[in-house]
């Protein structure tokens, strides 16, 4: 999600990033998840999976399947997913609650196995921002990029470890979703909420 350049007032007078729109699912995601610093192992793996699944699709497409993904992928339990067999992959591919793309499903299994090889996945991911969220203070004259030098570095390092579906654009969206960066418009009410949660 990168279009946070402008902010708009909703009917309830709360100012949000314009991309939140009016759809309840998107608005709820914007208000309660996007940009909130995540330091939970399972949550960080969940969003790595979901952001990878988004490749070539809209975030709305994935968001509306978020619960289905959690059910199909055993609540994003990394150890369970790392142990998936070919039969498990086939089961996932047969379930319409997720994007049934073999490369994306297989990458989730492979990524889980690599995740478990990391000494501390949470610390590893947060190391890219020196352990603290970066507030970019986005406004109408400071637009949100699709990637930056940090996501370039993250993508390069994660690919070297063997992770898949971790291109620089996906990594930047991942950093936004998990609050490694705060890209809420400065007029958006969530901007200060996310900073306070850091």
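FYI, it's all coordinate maths here, none of it is from the lab. Note that the coordinates shown come from a computational prediction; the quantities given were computed from them, not determined experimentally. Ideal geometry is used to build each Cβ from the backbone, glycine not excepted, and the neighbour counts take in all protein chains shown.
List the relative contact order of region 41-117 as a percent without decimals, with contacts defined as Cα pairs under 8 Å and 6+ residues apart. Contact order relative to length: 33 percent.
Look at 108, 32 and count the other Cβ atoms within 10 Å of each Cβ; fewest to most, that gives 32, 108. Take every Cα pair under 8 Å whose residues are at least 6 apart in sequence, average their separation, divide by the length of the chain, and the relative contact order is 34 percent. For the chain, the 222 nm mean residue ellipticity estimated from helices alone, with every DSSP H stretch of n ≥ 4 adding -39500 (n - 2.57) and the total spread over all residues, rounds to -14500 deg cm²/dmol.
With a ≥ b ≥ c taken as the square roots of the eigenvalues of the C-alpha gyration tensor of region 99-153, please select rounded if a/c is under 1.5 and otherwise prolate if a/b is larger than b/c or oblate if it is not? Taking the square roots of the gyration eigenvalues as a ≥ b ≥ c, region 99-153 is oblate.
Listed by Cβ neighbour count within 10 Å, with the fewest neighbours leading, 136, 30 appear as 136, 30. Label-to-label distance for residue 161 and residue 139 is 3.6 nm, based on points extended 7 Å past Cα in the beta-carbon direction. The fewest-to-most ranking of 124, 84 by surrounding Cβ atoms within 10 Å reads 124, 84. Annotation: for a label point projected 7 angstrom from Cα along Cα→Cβ of residue 32, residues of region 58-77 with backbone N closer than 13 Å are 67. The ratio of the alpha-carbon radius of gyration of region 41-117 to the globular-protein estimate 2.2 N^0.38 Å is 0.97. Spin-label pair residue 186-residue 23: with each label point 7 Å from Cα along the Cα-Cβ axis, the two points sit 3.1 nm from one another.
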